[in-house]
1. Pull up segment 104-116, narrow it to residues that are within 18 Å of the chain's Cα centre (by Cα) and over 10 Å from Ile136 (Cβ atoms), then point me to the one that is surrounded by the most Cβ atoms within 10 Å (Cβ to Cβ).
2. Scan the helices (runs of 4 or more DSSP H) fully inside segment 31-111 and keep the ones with 3 or more residues being outside the structural domain of Gln135 (by TED's automatic domain parsing) and either at pLDDT 85 or above or of a type in the set (Val, Ile, Thr) (or both).
3. Could you count how many residues in segment 23-80 are aliphatic (A, V, I, L, M) and free of Cβ contacts under 8 Å to residues at least 24 places away in the same chain?
4. Being exposed (fewer than 15 other Cβ atoms within 10 Å of the Cβ) and without any contact (Cβ under 8 Å) to a residue 24 or more places away in the chain is the filter here, so list the residues in segment 325-345 that pass it.
5. For segment 265-278, state whether one or more residues are more than 17 Å from Leu358 (Cα to Cα), at pLDDT below 80 and of a type outside the set (Phe, Trp, Tyr).
6. Mind checking which strands (runs of 3 or more DSSP E) fall wholly inside segment 273-371 and carry at least 2 residues that are of a type outside the set (D, E, K, R) and closer than 26 Å to Tyr90 by Cα?
7. How about segment 31-67: which of its residues are more than 22 Å from Arg15 (Cα to Cα) and under 28 Å from the mean Cα position of the chain (by Cα)?
Amino acid sequence: MGIISSLVRGWEKRRLEKIEKNSPRPPAEVFIRLYEIYHSEGEVNAASRVAKRGMRLYPHNPDIGKASRDMDRMVREIEKERLRQKIESYPNPILYARLAELYKTDGEIGASVKVCEAGIRAFPDYGGTYLLLGQICFDQEDFDGALSYLEKAAELDRYNYMALRLLADTYMKQGRYMDAVQNLDAILYFAPGDEQVLDALKAAKTAAGIQEEVPPEAAPAEAVPAPAPTTKVKPREPAKGASTVARQMKMKAAAKKQVAYTDAIEILKTIEGVHGALLVDAFGLVIASYLSQDVDEELAGAMITNIYRSTARSAQQMGLGSFEDGVIEGESGNIHLIAIQDMILAVFAAATIKMGLLEKAIRDFANAVLEVG
C-alpha cells in the first residue's frame, strides 16, 4: 500500500508541476496541493516558491494565505537555527541582530530581548541591537526604556534612519517636541524629501508651536547638515561574571569576519570602471567599504540604505515582490544595488563598464560574503 501511495503521489506531483509551470494562472487548488506535497516531503525551497507565487496570484485565498504564513514560519525557524550555530562558532553583532529580529517577528519577545542583551554584552558598540530593544520597549509603551536604547543607537550611528525616526516618535509621546523636531531634521539631511519624515516634522513643529515661514519667492537655501541628537546614554555594564576570555574570543572572531568582508571588497576593486563599493547592514551601518577619501562613509551608507528601503517598499506595493537588485543611472556613472541576505551592496561604477565582468564580480563577492555570513 505504501508503494502504491508513493507512486500515486509522484504522479500527482508531476501533473501539478506541469500545470504550475505551463499555465500563466493555474487554479488556486494547484498551489495548495503542491505546497502540501512539497511540505510533506521536506522540500522547503520548492514549498516556499509555490506558496509565494500562489500568494501573488491569489492574495485573498485563505488556504494559500495560511500555507504562505506556515512556510514563512518554517523558513524563519530554519534561519534561527542557522544563526544560533553561527553565533556559537563565529559570532558577530549582525548575527545577534538578525536572530533577535526573527524572534521579534514571531512574537517571541523574551527570546528577542535575551539575544539583544547577549549581543550588547559581546559587542557593546553596535547600534542595531539597541535599536531592536528600543522598538520592543516602544511597542510595549515603555517609553522611558525605549528612550534609553534609542538614544544609545543614535549616539552610535548618527545616520541610523530607523533609530532617529523612532526616537522622534518617542519624544513626541513624552511631549519633548523640540527634540523630535531636531531628530527629524537630522534625518532629512541624508534622506531629503522623505514624505513620511516631512509629515512627521510638520506635526512636531505644530506641537512645538513653531510656525513655518514660507516666503513667496525665496531662493533655496544652501543645505546645512542638521546636528545629530546630542543626548548621551551611558552604556550598560556587562553582566557580572561575564567571561573576559570568552568576550576576547568573540571580538577576535568578529575581527576575523571583518577582514573577510574587507577582502571580499577587493574583488570589486580589480574591475576596471568600478569607483567604489559599500556593504551596509539593514540599519545603515557600514560593514566594509572601498571609497575615495573625500566621501563621508557613514553618510554614504545612510543614503544607500534609505534608497534601498524606499525602493524595496515601492516594489512590494507594486506587486513586484522582494527587491533583489537595481541600477541608478546618472550622467557620469551608475550605482548598482544588490540585496545579500540582510545586507545591501552598493557598487559605484562608470557608465561604460562591461556589465558581464561586473556581474561576475558581484556574484563572486556575494559568494565570499555568504560563506562567512
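The values are calculated or read from the model by the stated rules, or taken from the named source; none is laboratory data. Here the structure is a predicted model, which means the values were calculated and not measured. Here Cβ is always computed from backbone atoms with ideal geometry, including for glycine, and neighbour counts include all displayed protein chains.
1. Across segment 104-116, the extreme among qualifying residues is Val115.
2. Ranges flagged: 44-57, 62-89.
3. 5
4. Asp325, Val327, Ile328, Glu329, Gly330, Glu331, Ser332
5. no
6. Values: elements: 274-281, 286-290, 325-329, 334-340, 343-349.
Filter on segment 273-371 gives 274-281, 286-290, 334-340, 343-349.
7. Passing the criteria: Pro59, His60, Gly65, Lys66.
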